[in-house]
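Here is the structure we will look at.
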Amino acid sequence: MSISSFLTKKFLKSLFFPAHNRGAALPKKFVKLLKNPPGYWDLPELPEIGSTLCQSGLIANSQREFSEKFGAKGCYFGVNGASGLIQSAIIAMANPGETILMPRNVHISVIKTCAMQNINPIFFDVEFSKETGHYKPITKIWLENVFKKLDFDKNKIVGVILVSPSYHGYAEDLDPLIDICHQKNLPVLVDEAHGSYFLFCKNLNLPKPALSSNADLVVNSLHKSLNGLTQTAILWYKGNRINERNLIKSIDLLQTTSPSSLLLSSCEESIKDWLNKKSLSKYQKRILEAKNIYKKLIEKNIPLIETQDPLKIVLNTSKAGIDGFTADNFFYRNGLIAELPEMMTLTFCLGFADQKDFLNLFEKLWNKLLLNSKKSNSLEVLQSPFELIQAPEIEIGIAWRSETRSIPFSQSLNKISGDIICPYPPGIPLLVPGEKIDIDRFNWINNQSLCNKDLVNFNIRVI
Ligand SMILES: Cc1ncc(COP(=O)(O)O)c(C=O)c1O
C-alpha cells in the first residue's frame, strides 16, 4: 500500500493528534482554501505574502496583529512543529558552553538542541507517580528546593525551561515558578505545546495560559492543541530578557528557506478561527462537553485519571490489570484509535470535533476488553531513579560527538551513553548522551521497556 492510499484509510473514531480530528474541526476558511484545485495554493514567498521574518507582507501583518491582541512583544509562525520553534528558542537563550535548567520530562527536541549546540542541560527531578507512571506538575516549593540546591557560581545557568501542560494535561501554576526564575534574572521558556487553546478560554476554569503569565518565551503546537495542520506552531516572546536579534537569528538558522504556504495559512487560520465569536463559542461548547464525558465515564466507574486538560481522556488501564499497550492494540483493532499508550495508562485526545458518539463506543469497548483480556497482578512501574539535581557525567555535546559502539542494552551497565533513548510518544528521553547507565537507571529503563515493543531488545550506542 502506498502512503497516499493509507492517508484515506477510515477508522471508526480517531482520537489522536492532529486535534482537528481528520479535518472535521479545521477552520471553515481553511477548508474553503482546500477546496480549490489541488496544489493551486502552493505558492512561494511572493512579496505580498513575505515570510515569518519579514517586516512587511501578509504573514508579518498577521503575526503583528496576534502579538498585539495577546500582549506579546512579537510572535513567529513555524512549519516544523513546536519542536522547531523550541530549538530556535533554546539557541536564542544559550550560547555553546552555557547551561539551561530544565525538568526531567523535557521533550526530545530540547535534548537534540543541547547536543547540537554544546549547551549543557542541568536536570531537576520531577515528582513521579508510581500509580500512573506519569510525572506530576511541579510546585513552587519544589522549584524553590531545586534553586536552593543549585550552585549558581559553578554553573553558568542562563535560562530555564518549564513544560506545562504535559502530554496528559497536567498543568502547573506558572506565575510563582516564573517569579523564582526571574528573581535570578533567568529567562523562562514555557513549552506549552499541549495547551494552545487555553489562551482562548479564560472563562472556562482552565489553566492560566503561559502567555498571560510572565514567561519570556512560549511555544504552542497548533496541531496538538489548536486546529492547525500537522507541523504548525507558534512562538511568542515578551519582556526584555530575550535578545530579539538573537531570536530572529536562531529562527532563521533552523527554518527552511521554502516554508509551505499552506502550513503558514493554517497557522494563521487556526488562530483566527478561535478569535471568531461564533467558532469560539462552538469550541467552548465542545470543551464543556468533554468535561461532561469525563464526568459520565467516572459515574460508570471507568478508571480515568483527572488532569487539567478536559480534552484528554486518560484511562488508567492498570487498575484493571491491563497495560496501556495491550489496551491500545485492542481499541485499534476495534477502530477506536488512541494517542498515547504507556504501561499503566492509555490517553485519548478528543480534539475539537463533536464527540457525542464517543461515550457509548468507549464504554462498550472497555467492557469488552475487560471481559476478553488476561489480567496481570504484576504491573508495576519502578520509581524514577533521578537525583533532585543532575547533569550528564560527560558534556552532552562531547558525548554526542564521541566515537561510540552499538551494543545490546542488556550489556550496557555502567557504560556512558552516546545515545538518546526515548520512546515516542511521549518523546520524553529516558537517557541522554553523556549520562551513566548505573544500576538504578539500568533497572528503570528495563522496567519502562516492559510492555513497549519499541524498547524490546534494543541496541544502544555507548562511548
Ligand atoms: C511537551 C512537548 N513539547 C513539544 C513537542 C513537539 O511538538 P511538535 O510535534 O509540534 O513538534 C511535543 C510533542 O510530542 C511535546 O509532547
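The values are calculated or read from the model by the stated rules, or taken from the named source; none is laboratory data. Because the structure is a prediction, the values reported are computed rather than measured. FYI the Cβ positions are ideal-geometry reconstructions off the backbone, even for glycines, and counts take in every protein chain you see.
Every listed requirement among (1) assigned to a loop (DSSP other than H, G, I, E, B); (2) of a type outside the set (A, V, I, L, M, F, W, C); (3) at negative phi; (4) touching a Ser or Thr at 6+ places or on another chain (Cβ under 6 Å) is met by S56 save one, (4). Test I59 against the stated conditions and say whether it is among the β-branched types (V, I, T) and not assigned by TED's automatic domain parsing to the domain that holds Q231. Spelling it out, it is not the case that I59 is among the β-branched types (V, I, T) and not assigned by TED's automatic domain parsing to the domain that holds Q231. The single condition among (1) touching a residue at least 24 places away in the same chain (Cβ under 8 Å); (2) surrounded by 21 or more Cβ atoms within 10 Å (Cβ to Cβ); (3) in contact with a Leu (Cβ under 9 Å, 6 or more places away or on another chain) that P209 does not satisfy is (1). Evaluate the following for V188: is it away from the ligand (no atom under 11 Å from the Cβ) and of a type in the set (A, V, I, L, M)? Spelling it out, V188 is indeed away from the ligand (no atom under 11 Å from the Cβ) and of a type in the set (A, V, I, L, M). Taking the criterion of being of a type in the set (K, R) and farther than 20 Å from W444 by Cα, the residues of the range 393-417 that qualify are R401, R405.
For the range 230-263, which positions are part of a helix (DSSP H, G or I) and away from the ligand (no atom under 15 Å from the Cβ)?
E244, R245, N246, L247, I248, K249, S250, D252, L253, S261, L262
If you go through the range 419-447, how many residues are among the aromatic types (F, W, Y) and more than 15 Å from the ligand (Cβ to nearest atom)?
Going residue by residue through the range 419-447, those that are among the aromatic types (F, W, Y) are 424, 442, 444.
The next check asks that each one be more than 15 Å from the ligand (Cβ to nearest atom); those that pass are 442, 444.
Matching residues across the range 419-447 total 2.
If a residue counts only when it is touching a His at 6+ places or on another chain (Cβ under 8 Å), which helices (runs of 4 or more DSSP H) contained entirely in the range 117-229 have at least 2 such residues? Because the criterion is at least 2 residues that are touching a His at 6+ places or on another chain (Cβ under 8 Å), the helices (runs of 4 or more DSSP H) in the range 117-229 that meet it are 222-225.
In the set (1) part of a helix (DSSP H, G or I); (2) within 19 Å of V218 (Cβ to Cβ), the condition left unmet by A72 is number (1).
Of K28, K10, all but one fail to be out of contact with any strand residue (DSSP E or B) (no Cβ under 9 Å at 6 or more places or on another chain) and under 22 Å from L359 (Cβ atoms); the exception is K10.
Identify the residue in the range 124-135 that is of a type outside the set (S, T, Y) and within 15 Å of the ligand (Cβ to nearest atom) and, among all such residues, is farthest from W444 (Cα to Cα). Residue satisfying both the conditions and the ranking: V126. Scanning the range 92-121 for residues that are hydrophobic (A, V, I, L, M, F, W, C) and either without any contact (Cβ under 8 Å) to a residue 24 or more places away in the chain or away from the ligand (no atom under 13 Å from the Cβ) (or both) yields a total of 9.
Only residues that are assigned to a helix (DSSP H, G or I) and crowded, with 22+ Cβ neighbours inside 10 Å were counted across the range 84-104, and they come to 8.
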